[in-house]
Amino acid sequence: MKKYRVGVVGATGMVGQRFVSLLENHPWFELVVVAASPRSAGKTYAEAVGARWAMPTPMPQDAAKLIVMDASHVEEVAQKVDFVFCAVDMKKDEIKALEEAYAKAECPVISNNSANRFTDDVPMIVPEINADHAQIIEAQRRRLGTTRGFIAVKSNCSLQSYVPALHPLREEFGLKNVLVCTYQAISGAGKTFETWPEMVDNCIPYIGGEEEKSEQEPLKLWGHIEGDCIVKAASPAITAQCLRIPVSDGHMAAVFMSFEKKPTKEQILERWAAFQGEAQRLQLPSAPKQFLHYFEENDRPQTKLDRNLENGMAVSIGRLREDTQYDYKFVCLSHNTLRGAAGGGVLLAELLAAKGYLD
């Protein structure tokens, strides 16, 4: 595998920092550009981030020395890289325009943003679930008039805990209804306890737009390509509540599910243990060897103990049991800025590289 030259657009924010951290010593990708707003442009990355570095490991030395480029200077950035990761904090219409500008400059965009998730010909991919949706890229290129350029997105961070657990059961047993309550870490809002002291000893029962994403985005992941569009799946019916809780990293979900053909508990556990996706089959560098881990203990998974499982790229599941109103209920956990954000973006880029879409 050749080394791809990579840029991070929105590099000074929390997800951008996580991209920078993950790209240090990556076997396939070399970080050569960091880009951000005009107020950061012209400074070294270390100067631009300053005391706002929020990662648990030190800032990579090579990245610290890079001069921050203006993210709006699309052609200038695009000429220096093979593709970019995008994690900007802007209005949705501005993000859509920026990402499309990079794509039209023949620079593929791997986006952490939500702006293009429901664009008909933009694939929203979790590599273990719907790697085949990458095929829509050719239709998108025709629309954009590009040869290399395209946009691919990852799904919302809260989905990464429960959708992978539901996926191996969905078709075989006819997943019918899902109720999910998510308990989401403050890093999902780009915050730490130092920058958001109001969250200490607190819980906020509202995260703007999150419940709609939690109910609708899985249906696109489970959809199919029809002509030049990805058509959403008709089922299951999903209802969600999303809460912000005083945890630094890690999104947990309590899930209730009903089926057309109710499986046994043993069948569910077997499907989870055996499940592998395209990321595992291709042995992508960031892929967890075991994607879904089931804990037998009644008090697991726990956020502090289990969010970093397999470098934060695995999903932890526990407390599977029958329910009085649904067929079964369980809890699950994923690391929201690793599997849920930048790590999932890097894994998506690895998938697209392995499939030849970044050449």
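The values are calculated or read from the model by the stated rules, or taken from the named source; none is laboratory data. Here the structure is a predicted model, which is why all the values come from computation and not from measurement. Don't worry about glycine lacking a Cβ; one is built from the backbone with ideal geometry, like all the others, and counts go over all protein chains shown. Side chains included, ligands, DNA and RNA excluded: accessible areas come from the protein's heavy atoms. Shrake-Rupley method; radii C 1.70, N 1.55, O 1.52, S 1.80 Å.
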Requested in this report: Report the charge-dipole magnitude of the chain in Debye, nearest 20, computed about the Cα centre from +1 at each Lys and Arg Cβ and -1 at each Asp and Glu Cβ.
Outcome: 260 debye
Query raised in the report: Can you give the relative contact order of the chain as a percent, counting alpha carbon pairs under 8 Å and 6+ residues apart?
Result: 17 percent
Report task. With a point put 7 Å past each Cα toward its Cβ, work out how far residue 239 is from residue 305 in nm, to one decimal. Result -> 3.2 nm
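For the chain, what does the helix formula give at 222 nm: sum of -39500 (n - 2.57) over DSSP H segments with n ≥ 4, over the residue count, nearest 500 deg cm²/dmol?
Values: 14 runs with 111 residues, N = 359.
Calculated from helices alone, the mean residue ellipticity at 222 nm is -8500 deg cm²/dmol.
Pull up the DSSP beta bridges for region 139-263 and report the antiparallel fraction as a percent, rounded to 5.
DSSP beta bridges in region 139-263 are roughly 60 percent antiparallel.
Quick check: residue separation of residue 260 and residue 204 times 0.36 nm, minus the Cα distance between them. What number comes out in nm?
Gain in length upon complete extension: 16.7 nm.
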Query - Fraction of accessible area attributable to carbon and sulfur, the chain (%, probe 1.4 Å) - result: 48 percent
Query raised in the report: Most mobile of 299, 132, 327 per a Gaussian network model of the chain (Cα springs, under 10 Å)?
Result: 299
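Averaged per residue, what accessible surface does region 1-96 expose to a 1.4 Å probe, in Å²? Each step should come with its number before you reach the end.
Working: 4780 Å² over 96 residues.
Using a 1.4 Å probe on heavy atoms only, each residue of region 1-96 averages 50 Å².
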Query raised in the report: Short version: ³J(HN,Hα) in whole Hz for each residue of region 261-273, in order, from phi by Karplus 6.51 cos²θ - 1.76 cosθ + 1.60 (θ = phi - 60°), x for Gly and Pro, what are they?
Result: 10, 5, x, 7, 4, 5, 5, 4, 4, 5, 5, 5, 5
